[in-house]
Each structure stands twice: as C-alpha cells, then as structure tokens.
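Below is one structure; the comments refer to it alone.
A short reminder: the numbers here are calculations on the coordinates, not readings from a lab. These numbers were taken from a predicted model, which means no experiment stands behind them. Methodologically, a virtual Cβ is constructed for each residue, glycine included, from the backbone with ideal geometry; neighbour enumeration extends over all protein chains shown.
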Amino acid sequence: MSNLTRFNSLFNDSFFNDFFRPAVRGGGEKVPAIDVHESDGGYKVKVDLPGVKKEDIKVSLDNGILSIRAETKSEEKEEKEGKLIRQERHFGQFLRQLSVGSDVDPAAIKAQFDNGVLTLELPKQQNLPADKRHISIE
C-alpha cells in the first residue's frame with residue numbers, strides 16, 4: 001500500500017474525493033488537481049497550476065506534510081470595448097497538502113514546472129528502518 005496519502009481528504013474532501021473533488025476549500029483556496037504515480041524507485045506527483053508563474057509557487061515539507069502553495073493575481077485592465085460579463089478564471093491561492101510516508105527521502109525531492117504543470121519527484125529511501133521491532137519490558 002502506498003505511503004503517500006492525501007492530507008486534504010482528512011478535512012475537506014467528500015467520501016468520493018477523487019470523483020467529487022471540491023473546486024474551492026473553505027478558506028477560499030482552490031484545490032488543484034493532482035496525479036500521483038508510484039514506482040519501485042519513488043513517487044511522481046503532477047499538480048495542475050494553470051495560469052501560475054513559477055516564482056509564485058512554493059513547495060515545502062514540514063513534519064511529513066508536503067505542501068504545494070501557489071497564487072495567481074488578477075489582471076487589472078481597462079475594458080476599451082464592451083464590458084466583462086463572465087469570468088471563470090481563478091485568481092487567488094491554490095493549496096494542496098499530502099502526507100509523505102517514511103519511505104520518501106526528503107533530501108532527494110525535486111520539482112520542475114512546465115506549461116502549468118508542477119512535477120514533483122519523491123524518491124524512496126533505499127535503506128528503510130524496520131517497520132516492526134520488539135520492545136523489551138523491564
């Protein structure tokens with residue numbers, strides 16, 4: 001079983017979170033779509049961040065929680081002909097958090113951003129500590 005889990009699902013996503021994933025969380029942050037792939041060597045996470053600039057993305061790992069934050073800013077421009085009658089593009093913050101298992105090597109995580117997709121490579125540690133150990137009672 002995979003050790004990489006969705007942190008958001010503990011708080012805001014519905015039971016069928018992959019099918020009925022909310023577009024916006026309670027705090028107004030948009031929840032970006034992700035793909036998570038596992039291989040023998042690690043995990044690959046792809047995060048859709050359309051309209052976001054590379055410098056507006058922050059990825060951090062704190063206490064086993066991988067956080068992906070991004071922000072898009074509204075473009076203030078004057079309408080010369082007509083008026084805007086509908087705007088569906090998101091402006092504001094994006095947030096996605098994943099619980100990273102102990103099998104991920106935190107020092108080896110790499111990120112790349114191309115065409116609105118953030119790709120994270122999370123290599124697995126080669127020498128994992130034993131999951132189970134006997135504890136003697138004194």
- If we count other beta carbons within 10 Å of each Cβ, what is the order of Phe94, Phe113, fewest first? Phe113, Phe94
- Query: In terms of modelled amide H atoms, which long-range or inter-chain residues lie less than 5 Å from the amide H of Gln125?
  - Reply: Val104, Asp105
